[in-house]
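The values are calculated or read from the model by the stated rules, or taken from the named source; none is laboratory data. The structure displayed is predicted, hence computed values, not measured ones. Note that we place each Cβ from the backbone using ideal geometry, even for glycine, and neighbour counts take in every protein chain shown. Quick note on the areas: whole protein, heavy atoms, side chains included, nothing else; ligands and nucleic acids left out. Shrake-Rupley method; radii C 1.70, N 1.55, O 1.52, S 1.80 Å.
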Amino acid sequence: MSHTAGAMEGKQLSVRGLTHSYGGQNAISDIAFDIEAGEIVALLGPSGCGKSTVLRAIAGLIQPKSGAITLGGQDLAHVSARARGIGMVFQNYALFPHLTVAENIAYPLACQQVARAERRDRVEEMLSLVQLNGYGNRLPRELSGGQQQRVAVARAIAGRPSLLLLDEPFGALDRALRFDLQVELLHLQKTLGITTLIVTHDQEEAQSLAGRLVLMNKGNVEQIDTPMAVYDRPKSLFVNTFIGQANVLQAKVERFEGDTTFVSVGNGRALVLPRRLNFTTGSAVTLTFRPEEVRLVTAPSAAALPVKVAVSVPLGPTLVHDLMLDDGTSLRASEVRAPSTSIPEAGAALFAEVDTERVHVFPG
Ligand code: ADP
């Protein structure tokens, strides 16, 4: 009798001290994170930061130099890639071109020596899960890109893996289709309760799919948090500028007054931050704040910097201002736009009022 898809059981993944190098060059160093059973986590970072290397080590496609990977408490060090019970989806579909859709999906089942009748049932079940009923006899080339990727997902989950790994799965698809498939994948993942790790360099994709993000930069983990925490409380300048947009200003700590800190920006312009910074007087610091945390006003204040408007661009519901400080540094501000919102002239001299509660301060 065929099991139901719901019988799939996601397992907890644990990665510790994962380090790997290619030709003496360290690609990843001391990577550590967990994914709880049934959780979906995104490994996010710029191209070349080591995401695929982490994924390949988990899948058993490379032997890492050091570190431990456990799945459901079992150490995978001496478990072959095939025996790990991991399903994988790559960007380029990687379907067998000469096999039909049904044969592609059945392939891992045949490897697992699942009986023929059970295989047929499971292929039907998978086709229905990815909404491709009736497509079993087609060849991959007779399908659209989105449909091919659905087959790749069906093939990856047909063997009831306890972990699903997705490497830039929607990278080759256009935006609208990507979104549809993301929604479908999320639904499938929740329905099946399958532990999932998705690798992407696309922050929107990561934020819309994953409950938690593992942010990587240059072979290291910079932060592990929910998408909101990563956006609101970035632990490093890298995270702050990689996730969402951020204005970055070089500043100097001038003096403290009670619970406030006076910093200077650009040509000695003062900005008062409503807290005592943990830096000594004279320290060079980097201030960051989001465009939505800047308001264009007509009057100076302790939280405002004089600016010239370079250009203001209405983007549907948002009005984006490109501004310039008097030392030439660019700033961006964005505000919600209504039909009544007036658009400043290019060259207008105004003040950029910063929500100083929300300013992040990093060393240097
Ligand atoms: P990402 O997936 O984040 O783009 P990768 O894990 O593919 O990053 O690569 C991490 C680093 O390791 C990069 O500098 C890349 O050039 C290097 N690298 C990846 N694969 C190989 C390989 N097979 N041989 C040599 N260097 C590699």
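Heavy-atom accessible area, probed at 1.4 angstrom with all protein chains present, ranks C111, C49 as C111, C49, highest first.
Here is the P(r) of the stretch 224-315: all C-alpha pair distances, binned every 10 Å from 0, give 14, 40, 36, 10, 0 in whole percents. Compared with the rule-of-thumb size 2.2 N^0.38 Å for a compact globular protein, the stretch 66-223 has a Cα radius of gyration ratio of 1.07. Rolled with a 1.4 Å probe across the full set of protein chains, the surface gives S236 an accessible area near 20 Å².
Each Lys or Arg adds one and each Asp or Glu takes one away; over the other residues whose Cβ falls under 13 Å from the Cβ of R290, this sums to -2. Take the chain with all the other protein chains still there, run a 1.4 Å probe, and you get 47 Å² of accessible area per residue. Keeping the other protein chains in place, figure out the carbon and sulfur percent of the accessible area of the stretch 245-363, with a 1.4 Å probe. Carbon-and-sulfur percentage of accessible area, whole number: 53. A Cβ-based charge dipole, computed about the Cα centre of the stretch 13-241 with Lys and Arg at +1 and Asp and Glu at -1, lands at about 520 debye. Ranked by solvent-accessible area (1.4 Å probe, protein heavy atoms only, all chains present), the residues E257, E39 order from largest to smallest as E257, E39. If you fit an axis through the alpha-carbon atoms of helix 175-192 and take the longest principal axis of the Cα set of the chain, what angle between them do you get, 0 to 90°, nearest 10? In the chain, helix 175-192 runs at an angle near 60 degrees to the longest axis. Note on D259 and S66: the model spin-label points, each 7 Å out from Cα along the C-beta direction, lie 4.6 nm apart. Here the accessible area of the stretch 13-241 is 50 percent carbon and sulfur, with a 1.4 angstrom probe and all protein chains present. Ordering of 204-211, 69-76 by packing is 204-211, 69-76, highest average first (other Cβ atoms within 10 Å, averaged per residue). Across the stretch 245-363, the volume of the C-alpha convex hull divided among the residues equals 96 Å³ per residue. For the pair S301 and S21, the difference between a 0.36 nm per residue extended length and the Cα-Cα distance amounts to 95.6 nm. All C-alpha pair distances within the chain, sorted into 20 Å bins from zero, spread as 25, 44, 26, 5 percent across the bins. Relative to the 2.2 N^0.38 Å rule of thumb, the stretch 220-268 has a C-alpha radius of gyration ratio of 1.48.
Projecting the Cα atoms of A27, S162, P108 onto the charge dipole of the chain (Cβ charges, centred on the Cα centre) puts P108 farthest toward the positive pole.
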